[in-house]
Structures are given as structure tokens and as C-alpha cells.
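What follows is a set of notes on a single structure, which appears directly below.
The values are calculated or read from the model by the stated rules, or taken from the named source; none is laboratory data. Everything quoted here is computed from the prediction, not taken from an experiment. Glycine gets a Cβ as well: all are built from the backbone with ideal geometry, and neighbour counts include every protein chain shown.
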Amino acid sequence: MGIARATKLRWASTAIALAYMSVIAGMAWILPIFPGRPLLGPIYNPVDHMVPLPFPLLLVLPAIALDLLRNWIGVRRGWKHHWSLALLSGCLFFAIFLPVQWKFSKFLISPAADNWFFVGNKWEYGARVGEWCHEFWDVTNPKWNPPATAASLGWALLLAMASSRIGLALGNWMAKVKR
């Protein structure tokens, strides 16, 4: 939100999300090309190449929605406008990102993602690979995987709105900076 606010580009959030996804996906596709072997113990999962980063988060869909919201509301000054834009942006990001990433994460740990493009199920040498690798978050364990509750989702929504407001404040500051 901050850089998108500071720039004059119409689709700034989308461009930033695409740049992020390009860099992370590029590293995930390039790293496995190079050979590598673990030299520190314990080695539970033998690997013979560099371990790639996970596939990037799907931030482009919420970014498109945020750009549409910014273009629809327009750029105005005033604290009421900034707060309403921050609250709407946080809610919109949360409402789109959560279901999209949830479904995509379920796909990424499935055997269908075991290919060079999605870089699925590439575990580091210290991981004990087993059947748990393909289990999704439907299986809850209060110690290792607490269930998504209304309280935890509410906190996530509040944090999304607060980070949108901080981003807008930083973006407003960056827009005022002159060379």
C-alpha cells in the first residue's frame, strides 16, 4: 500500500505483486539447477541439489482488487479518507487473500504440485519426510497446528487493516519527498 500510494502508476499494487512473484519464482526455478549436498547433520532427507524456496504467495489477486479500490475511490487528502481507505483495503485484502491462498496451499502440498514449476514438496535435508507432508490443515493438532478460530481470524483482519494504515501513512510521506 505504501509504494502504491507514493507512485503515480494506476496499477502499482499489481506491478509490485508481479515483481515479487517473479523474483521469488525465479529463485525457486533456478536454485534446483545447481548441485549441492548437505554437509551438516542430521541428514534425514538426502538432497543432491540446492533446495529451492517455496512457490511465492499469490499476492497478485488481492493487489488487483486493491488497485481497483484505489482507482474507484480516488486520491484525496484528509484523515477520514485515509482511514476509510485503510479499513476497506485491509478488509478487501483479507477477504481475497485468505481463501485464495488457502486453496492454493492445499494444492501446493498435494502430489499434483510435484513438478519444476510449482516446486511442490521440496524438503530440506533436515526434514523427516513422511505422510504428514501431504496432510493439509484440516488435520488439527493444538500443539503444532491450532485450528483457525474466529478470534485468530479477527486478529488477522485487524492486523491487515493496521498494516494498510501504516502503509498508507508511509506512502503519503514518500509522496511528499522531493529530489
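Structure summary
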item	result
Residue in the range 141-163 that is buried (at least 16 other Cβ atoms within 10 Å of the Cβ), of a type in the set (Ser, Thr, Tyr) and at pLDDT below 90 present	no
Residue in the range 2-25 that is surrounded by fewer than 14 Cβ atoms within 10 Å (Cβ to Cβ), over 30 Å from Tyr125 (Cβ atoms), hydrophobic (A, V, I, L, M, F, W, C) and modelled with pLDDT of 90 or more present	yes
Residue in the range 112-138 that is surrounded by the fewest Cβ atoms within 10 Å (Cβ to Cβ), counting only those that are modelled with pLDDT under 75 and part of a helix (DSSP H, G or I)	Glu131
Some residue of the range 35-55 being surrounded by 15 or more Cβ atoms within 10 Å (Cβ to Cβ), of a type outside the set (Ser, Thr, Tyr) and in a helix (DSSP H, G or I)	no
Lone unmet requirement of (1) in a helix (DSSP H, G or I); (2) within 15 Å of Glu124 (Cβ to Cβ); (3) among the aromatic types (Phe, Trp, Tyr) for Trp83	(2)
Number of positions in the range 57-101 that are surrounded by 16 or more Cβ atoms within 10 Å (Cβ to Cβ) and charged (D, E, K, R)	2
